[in-house]
1. Having 2 or more residues that are under 15 Å from the mean Cα position of the chain (by Cα) is the bar; report the strands (runs of 3 or more DSSP E) wholly within region 45-108 that clear it.
2. Output the number of the condition that residue 101 fails; it satisfies all remaining conditions of (1) closer than 15 Å to residue 40 by Cβ; (2) surrounded by fewer than 10 Cβ atoms within 10 Å (Cβ to Cβ); (3) at pLDDT 95 or above.
3. Sort out which residues of region 109-120 are in a strand (DSSP E or B) and closer than 19 Å to residue 37 by Cβ, and write them in order of number.
4. Those residues that are out of contact with any strand residue (DSSP E or B) (no Cβ under 7 Å at 6 or more places or on another chain), surrounded by 12 or more Cβ atoms within 10 Å (Cβ to Cβ) and either farther than 16 Å from residue 50 by Cβ or free of Cβ contacts under 8 Å to residues at least 12 places away in the same chain (or both), I need them from region 75-98; list them, please.
């Protein structure tokens, strides 16, 4: 009976190489995670559930694609937004930077279809008014 030492070594080494290769792929994909992207528009919802574009920074995806304040959002990638919760709308609009998203909007009497690529999300500045101190409020009230 002959003994093939090289076949034994190949069969013993192959699983180790596979595990190392998979580990390297997992580590490299974690290090190369795509950045979170956005359409770059602020939406508002009316009492009847319709979604409206409230703000469009001109340098983000929605602005460069021609989306305007006052546009009504009807569909995201063919899905009716009126059947979505706000969390579902958010999940549909975020994605990897550069990934495309198709929006169907109403502007006046026109139906507009816009395909845009998500841009990097950035933090919005939120300005809040500082409440007056109680002494100043009393003084201003004439007390």
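1. Details: elements: 51-55, 72-76, 100-107.
In region 45-108, the matching strands (runs of 3 or more DSSP E) lie at 100-107.
2. (2)
3. The initial filter retains those residues of region 109-120 that are in a strand (DSSP E or B), namely 110-117, 119-120.
Hits for region 109-120 are 114, 115, 116, 117, 119, 120.
4. Within region 75-98, 84, 88, 90, 91 meet the criteria.
The values are calculated or read from the model by the stated rules, or taken from the named source; none is laboratory data. All values reported here derive from a predicted model rather than from experimental measurement. Neighbour counts are summed over all protein chains in view; Cβ atoms, including those assigned to glycine, are modelled from backbone coordinates with ideal geometry.
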